[in-house]
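The values are calculated or read from the model by the stated rules, or taken from the named source; none is laboratory data. It should be emphasised that the depicted structure is a prediction, and the values quoted were computed from it without experimental measurement. Ideal geometry is used to build each Cβ from the backbone, glycine not excepted, and the neighbour counts take in all protein chains shown.
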Amino acid sequence: MKNYYRVMLGRQSVHAATCLAGNFIGAHYGILQDLKPDLQDDWREFNKKFIPIYLSTHPEKTKIGAGLACGSLWTVSKGIAKGDIVLCPDGTGKYLVGEVTGDYYYTADAILPHRRPITWRDIAISRADMSDALRKSTGSIGTVANVSSYAEEIEELIGPDPKPKIFSNDETVEDASAFALERHLEDFLVQNWVQTELGKDYDIYEEEGEKVGQQYPTDTGPMDILAIKKDKSELLVVELKKGRASDAVVGQTLRYMGFAAQELAEPYQKVRGVIIALEDDQRIRRALAVSPNIDFFRYQISFKLIKV
């Protein structure tokens with residue numbers, strides 16, 4: 001099964017032209033050794049070995065930042081498979097499109113030394129042609145973002161006749177336009193975080209001034225938002241659900257919280273969870289009754305026409 005990834009080629013796409021000319025993508029992260037002997041199928045084993053190595057050269061980083069860096073390095077080196085499609089910003093508002101054609105190789109004393117061979121296609125995708133949802137996903141923080149849920153739209157865009165559409169990959173959504181409106185919930189919450197009730201006590205997690213807490217990757221999928229208490233004593237996992245939340249979201253949130261507790265939290269940090277949805281019901285209330293470390297918030301969408 002083919003997957004699709006957004007891959008940054010250096011900070012602010014500074015190495016895009018070099019990668020295009022050299023037919024490769026790559027990563028650096030200050031780890032200067034051949035990774036081939038350590039590229040296990042389980043990224044958690046890779047992280048277990050390389051997080052201490054990363055932190056030894058980046059002592060100012062946290063476990064969260066180190067996990068994100070090593071996870072991205074594994075994805076570029078191993079997780080992306082031959083035949084997968086990569087979209088790489090070129091720094092001008094467009095995305096280079098390429099297919100991964102080979103396995104990992106290491107090029108010492110070079111930019112982005114951890115590399116994969118690429119066959120670039122003779123096409124570039126403009127951000128302006130993307131749906132809002134895909135634009136947000138491809139613009140997320142970090143070296144790598146899995147955008148496979150937008151496969152249909154991406155194939156339309158790289159085909160001969162791109163057609164602007166509103167896409168929904170959720171089979172429970174009947175009205176894709178209404179779904180697109182609610183997809184802005186996460187962006188709105190992030191952009192207006194300091195004005196929310198949660199923003200009084202928590203900050204969205206940042207590394208070097210960049211919010212890396214949005215769509216933070218875990219081994220069971222990305223958590224919507226990872227935040228940290230202002231006194232650094234607690235991590236907060238925020239799960240957003242369109243419409244009515246079912247009791248299944250409690251289990252999903254607990255899985256993300258377990259990951260945060262085992263892989264991200266410092267020894268002195270606790271982990272809490274928050275579920276945000278339009279509505280709740282009796283089942284989720286029952287589940288939350290025995291999950292005291294998870295809070296529930298409802299959101300409201302307001303739309304008015306004002307004649308002038």
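Considering region 190-242, the residues that are basic (Lys, Arg) and closer than 16 Å to Ala260 by Cα include one that is surrounded by the fewest Cβ atoms within 10 Å (Cβ to Cβ), namely Lys232.
Go over the candidates Leu9, Leu20, Leu73 one by one and state the one that is touching a Leu at 6+ places or on another chain (Cβ under 9 Å) and assigned to a loop (DSSP other than H, G, I, E, B).
Values: Leu20 fails: assigned to a loop (DSSP other than H, G, I, E, B); Leu73 fails: assigned to a loop (DSSP other than H, G, I, E, B).
From the options Leu9, Leu20, Leu73, the qualifying one is Leu9.
Of the helices (runs of 4 or more DSSP H) that lie entirely inside region 132-215, those containing 3 or more residues that are of a type in the set (A, V, I, L, M) and at pLDDT 85 or above span 151-158.
On inspection, Arg255 does not qualify as modelled with pLDDT under 90 and either over 23 Å from the mean Cα position of the chain (by Cα) or part of a helix (DSSP H, G or I) (or both). Among residues of region 198-214 that are assigned by TED's automatic domain parsing to the domain that holds Arg11, none has a beta-carbon under 8 Å from a residue that is β-branched (Val, Ile, Thr) and not in a strand (DSSP E or B) at least six positions away or on a different chain. Inclusion of Leu87 among residues that are part of a helix (DSSP H, G or I) and in contact with a strand residue (DSSP E or B) (Cβ under 7 Å, 6 or more places away or on another chain) is not warranted. When Lys61 is tested against (1) surrounded by fewer than 17 Cβ atoms within 10 Å (Cβ to Cβ); (2) modelled with pLDDT under 90, only condition (1) is not met. A Cβ distance below 7 Å, combined with a sequence gap of six or more or placement on separate chains, defines the contacts here; from region 31-42, residues that are within 14 Å of Gly71 (Cβ to Cβ) and in the same structural domain as His58 (by TED's automatic domain parsing) reach residues that are of a type in the set (Gly, Ala, Ser) and part of a helix (DSSP H, G or I) in the pairs Leu35/Ser77; Leu39/Ser77.
Looking only at residues of region 1-30 that are aliphatic (A, V, I, L, M) and without any contact (Cβ under 8 Å) to a residue 12 or more places away in the chain, we find that the one that is nearest to Tyr150 (Cα to Cα) is Met1. Considering region 102-129, and only residues there that are in a loop (DSSP other than H, G, I, E, B) and not hydroxyl-bearing (Ser, Thr, Tyr), the residue that is surrounded by the fewest Cβ atoms within 10 Å (Cβ to Cβ) turns out to be Asp109.
Just to be sure before I move on: is Ile125 touching a residue at least 40 places away in the same chain (Cβ under 8 Å) and among the hydrophobic types (A, V, I, L, M, F, W, C) in the structure I sent? If you could, list the steps in order and put the result at the bottom.
On the way: touching a residue at least 40 places away in the same chain (Cβ under 8 Å): no; among the hydrophobic types (A, V, I, L, M, F, W, C): yes.
The answer is no for Ile125.
Only one residue in Leu87, Leu73 is crowded, with 21+ Cβ neighbours inside 10 Å, within 19 Å of Ala21 (Cα to Cα) and touching a residue at least 40 places away in the same chain (Cβ under 8 Å), so which one is that? Checking each option against the conditions leaves just Leu87.
The set of residues from region 216-231 being in a loop (DSSP other than H, G, I, E, B) and either under 14 Å from Arg272 (Cβ atoms) or outside the structural domain of Ala265 (by TED's automatic domain parsing) (or both) comprises Lys230, Asp231.
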